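The values are calculated or read from the model by the stated rules, or taken from the named source; none is laboratory data. Quick caveat: nothing in here was measured; it's all calculated off a predicted structure. Methodologically, a virtual Cβ is constructed for each residue, glycine included, from the backbone with ideal geometry; neighbour enumeration extends over all protein chains shown. Just so you know, the surface numbers come from the protein's heavy atoms only, side chains and all, with ligands and any DNA or RNA stripped out. Shrake-Rupley method; radii C 1.70, N 1.55, O 1.52, S 1.80 Å.
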Amino acid sequence: AAQHGVIVMNLLGLFQSEHIAIDIGLQSSLTKAGMIGFGLMSCATLREAIELGIRFLPTKVPFYTIETTQNDGVMVCHIREAMPLYPVRKFAIEDFMVAVWRLFESLFNPMGQRDERSGIELWFDWPEPSYYAAYASSLPVCRFNAPSNQIRTPARWLDMRLPTANEATARW
(Lines give C-alpha, C1' and ligand atoms only; values in the text may rest on other atoms or scores of the structure.)
Protein backbone atom coordinates (compact mmCIF):
# COMPACT_ATOMS: atom_id res chain seq x y z
CA ALA A 1 0.00 0.00 0.00
CA ALA A 2 2.83 2.41 0.87
CA GLN A 3 4.62 1.71 -2.41
CA HIS A 4 1.41 2.20 -4.35
CA GLY A 5 0.90 5.56 -2.60
CA VAL A 6 4.42 6.68 -3.54
CA ILE A 7 3.86 5.67 -7.17
CA VAL A 8 0.57 7.58 -7.30
CA MET A 9 2.15 10.67 -5.71
CA ASN A 10 4.96 10.49 -8.30
CA LEU A 11 2.42 10.18 -11.13
CA LEU A 12 0.45 13.15 -9.87
CA GLY A 13 3.64 15.17 -9.52
CA LEU A 14 4.89 14.17 -12.97
CA PHE A 15 1.67 14.81 -14.86
CA GLN A 16 0.45 17.74 -12.73
CA SER A 17 -3.12 16.66 -13.38
CA GLU A 18 -5.69 14.68 -11.44
CA HIS A 19 -7.34 13.31 -14.58
CA ILE A 20 -4.56 10.75 -15.02
CA ALA A 21 -6.65 8.38 -12.86
CA ILE A 22 -9.33 8.24 -15.56
CA ASP A 23 -6.70 7.72 -18.26
CA ILE A 24 -5.27 4.76 -16.34
CA GLY A 25 -8.71 3.33 -15.52
CA LEU A 26 -9.75 3.50 -19.18
CA GLN A 27 -6.78 1.28 -20.09
CA SER A 28 -8.01 -1.53 -17.84
CA SER A 29 -8.85 -4.91 -19.28
CA LEU A 30 -9.53 -8.44 -18.15
CA THR A 31 -6.02 -9.46 -19.18
CA LYS A 32 -4.49 -6.62 -17.15
CA ALA A 33 -6.21 -8.17 -14.11
CA GLY A 34 -4.10 -11.32 -14.62
CA MET A 35 -5.39 -14.63 -13.30
CA ILE A 36 -8.31 -12.90 -11.60
CA GLY A 37 -9.34 -11.48 -14.98
CA PHE A 38 -9.11 -14.97 -16.47
CA GLY A 39 -11.35 -16.21 -13.67
CA LEU A 40 -13.83 -13.35 -14.16
CA MET A 41 -14.19 -14.00 -17.87
CA SER A 42 -14.78 -17.72 -17.20
CA CYS A 43 -17.74 -17.10 -14.88
CA ALA A 44 -21.18 -17.97 -16.20
CA THR A 45 -22.86 -14.70 -15.13
CA LEU A 46 -22.04 -11.20 -13.96
CA ARG A 47 -23.28 -12.21 -10.49
CA GLU A 48 -20.66 -14.98 -10.34
CA ALA A 49 -17.97 -12.64 -11.65
CA ILE A 50 -18.80 -10.01 -9.01
CA GLU A 51 -18.69 -12.65 -6.27
CA LEU A 52 -15.33 -13.94 -7.52
CA GLY A 53 -13.96 -10.40 -7.82
CA ILE A 54 -15.00 -9.50 -4.28
CA ARG A 55 -13.58 -12.78 -2.95
CA PHE A 56 -10.14 -12.17 -4.46
CA LEU A 57 -10.10 -8.35 -4.25
CA PRO A 58 -7.75 -8.31 -1.24
CA THR A 59 -5.10 -10.23 -3.21
CA LYS A 60 -5.00 -7.65 -6.00
CA VAL A 61 -6.33 -4.39 -4.56
CA PRO A 62 -6.36 -4.45 -0.75
CA PHE A 63 -7.33 -0.76 -0.52
CA TYR A 64 -11.08 -1.30 -0.80
CA THR A 65 -13.97 -3.35 0.42
CA ILE A 66 -17.03 -3.90 -1.73
CA GLU A 67 -20.47 -4.59 -0.40
CA THR A 68 -23.37 -5.23 -2.73
CA THR A 69 -27.05 -4.45 -2.33
CA GLN A 70 -29.95 -4.86 -4.67
CA ASN A 71 -33.22 -2.93 -4.76
CA ASP A 72 -35.54 -1.24 -7.22
CA GLY A 73 -33.99 -3.17 -10.12
CA VAL A 74 -30.47 -1.91 -9.41
CA MET A 75 -27.46 -3.78 -8.06
CA VAL A 76 -25.16 -1.42 -6.19
CA CYS A 77 -21.50 -2.10 -5.43
CA HIS A 78 -20.62 0.12 -2.49
CA ILE A 79 -16.91 0.97 -2.68
CA ARG A 80 -15.33 1.71 0.70
CA GLU A 81 -11.77 2.34 1.77
CA ALA A 82 -10.20 -0.58 3.63
CA MET A 83 -7.50 1.80 4.85
CA PRO A 84 -7.08 5.59 4.80
CA LEU A 85 -6.16 6.68 1.27
CA TYR A 86 -5.51 10.34 1.90
CA PRO A 87 -3.81 12.18 0.11
CA VAL A 88 -4.44 9.98 -2.97
CA ARG A 89 -8.04 9.05 -2.14
CA LYS A 90 -9.78 10.73 -5.07
CA PHE A 91 -7.21 9.44 -7.56
CA ALA A 92 -7.33 5.89 -6.17
CA ILE A 93 -11.12 5.60 -6.06
CA GLU A 94 -11.62 7.20 -9.46
CA ASP A 95 -9.05 4.88 -11.05
CA PHE A 96 -10.54 1.81 -9.34
CA MET A 97 -14.14 2.56 -10.24
CA VAL A 98 -13.37 3.35 -13.89
CA ALA A 99 -11.27 0.16 -14.07
CA VAL A 100 -14.09 -1.95 -12.60
CA TRP A 101 -16.55 -0.42 -15.09
CA ARG A 102 -14.16 -1.37 -17.93
CA LEU A 103 -14.02 -4.93 -16.56
CA PHE A 104 -17.84 -5.11 -16.48
CA GLU A 105 -17.95 -3.76 -20.03
CA SER A 106 -15.36 -6.32 -21.15
CA LEU A 107 -17.28 -9.19 -19.59
CA PHE A 108 -20.39 -8.39 -21.62
CA ASN A 109 -18.59 -7.30 -24.72
CA PRO A 110 -15.22 -9.07 -25.03
CA MET A 111 -14.81 -8.19 -28.72
CA GLY A 112 -15.77 -4.51 -28.31
CA GLN A 113 -18.56 -4.79 -30.87
CA ARG A 114 -21.37 -3.04 -29.02
CA ASP A 115 -21.75 -0.49 -26.29
CA GLU A 116 -22.96 -1.73 -22.88
CA ARG A 117 -22.41 1.56 -21.02
CA SER A 118 -25.99 2.71 -21.05
CA GLY A 119 -27.05 0.93 -17.86
CA ILE A 120 -24.02 1.39 -15.62
CA GLU A 121 -23.56 4.47 -13.44
CA LEU A 122 -20.57 5.56 -11.37
CA TRP A 123 -21.37 7.61 -8.27
CA PHE A 124 -18.62 9.66 -6.67
CA ASP A 125 -18.81 11.38 -3.28
CA TRP A 126 -16.95 14.51 -4.41
CA PRO A 127 -17.94 17.46 -6.62
CA GLU A 128 -17.70 17.12 -10.38
CA PRO A 129 -14.08 17.78 -11.37
CA SER A 130 -13.30 20.37 -14.04
CA TYR A 131 -11.81 17.70 -16.34
CA TYR A 132 -14.89 15.45 -16.33
CA ALA A 133 -16.48 17.07 -19.40
CA ALA A 134 -13.51 16.02 -21.53
CA TYR A 135 -14.09 12.37 -20.53
CA ALA A 136 -17.90 12.26 -20.40
CA SER A 137 -18.27 10.59 -23.82
CA SER A 138 -15.74 7.88 -22.84
CA LEU A 139 -17.39 6.99 -19.53
CA PRO A 140 -20.74 5.68 -18.38
CA VAL A 141 -23.11 8.08 -16.64
CA CYS A 142 -21.27 9.62 -13.68
CA ARG A 143 -22.94 11.33 -10.76
CA PHE A 144 -21.10 13.56 -8.32
CA ASN A 145 -21.75 14.73 -4.75
CA ALA A 146 -23.25 11.29 -4.17
CA PRO A 147 -23.77 9.98 -0.62
CA SER A 148 -21.05 7.34 -1.26
CA ASN A 149 -18.89 5.85 -3.99
CA GLN A 150 -20.91 3.31 -5.94
CA ILE A 151 -21.00 1.32 -9.15
CA ARG A 152 -24.63 0.82 -10.12
CA THR A 153 -25.73 -1.82 -12.62
CA PRO A 154 -29.17 -2.96 -13.78
CA ALA A 155 -30.04 -6.01 -11.65
CA ARG A 156 -31.38 -7.77 -14.75
CA TRP A 157 -27.76 -8.07 -15.97
CA LEU A 158 -26.71 -10.16 -12.95
CA ASP A 159 -27.91 -13.48 -14.33
CA MET A 160 -27.26 -12.91 -18.02
CA ARG A 161 -24.87 -15.49 -19.46
CA LEU A 162 -21.45 -14.05 -20.23
CA PRO A 163 -20.16 -14.75 -23.77
CA THR A 164 -16.78 -15.99 -22.47
CA ALA A 165 -18.23 -18.36 -19.84
CA ASN A 166 -16.39 -21.63 -19.43
CA GLU A 167 -17.54 -23.90 -16.62
CA ALA A 168 -14.38 -26.03 -16.49
CA THR A 169 -12.10 -22.98 -16.38
CA ALA A 170 -14.27 -21.27 -13.78
CA ARG A 171 -13.95 -24.30 -11.49
CA TRP A 172 -10.17 -24.19 -11.94
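Would you mind working out the magnitude of the charge dipole of the chain relative to its Cα centre, with +1 at each Lys and Arg C-beta and -1 at each Asp and Glu C-beta, to the nearest 20 Debye? Intermediate results must be reported in sequence, preceding the final value.
On the way: 15 positive and 17 negative charges, 58 e Å.
About 280 debye.
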Mean Cα-pair separation over length for the chain, i.e. relative contact order, pairs under 8 Å, 6 or more apart, %: 30
Nonlocal amide H pairs with Thr45, under 5 Å, H built at 1.01 Å: Leu162
Probe 1.4 Å - accessible area at Met83, Å² to nearest ten: 60
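With viscosity set to 0.692 mPa s and temperature to 37 °C, compute the Stokes-Einstein D of the chain, Rh being the Kirkwood radius across alpha carbon pairs; µm²/s, no decimals. Display every interim value, and only then the final one.
Numbers: Rh = 16.6 Å.
For these conditions, the coefficient is 198 µm²/s.
Whole number in Å², please: accessible area per residue of the chain, 1.4 Å probe, ligands, DNA and RNA not counted.
Ligands and nucleic acids excluded, the figure is 55 Å² per residue.
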Protection-proxy order for peptides 149-159, 8-18, each taking the mean of Cβ atoms within 10 Å per residue, highest first: 149-159, 8-18
Principal-axis tilt of helix 2-15 within the chain, Cα atoms, nearest 10 degrees: 60
Distance in nm between pseudo-label sites at Gln70 and Ile54 (7 Å out along the Cβ direction from Cα): 1.1
Long-range HN-HN contacts of Cys142 with modeled amide H, under 5 Å: Leu122
Computed helical MRE - 222 nm, the chain, DSSP H runs ≥ 4 contributing -39500 (n - 2.57), nearest 500: -12500 deg cm²/dmol
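How do 132-139, 90-97, 49-56 rank on mean C-beta neighbours within 10 Å, highest first?
Working: 132-139: 12.5, 90-97: 21.5, 49-56: 17.6.
The packing order, highest mean first, is 90-97, 49-56, 132-139.
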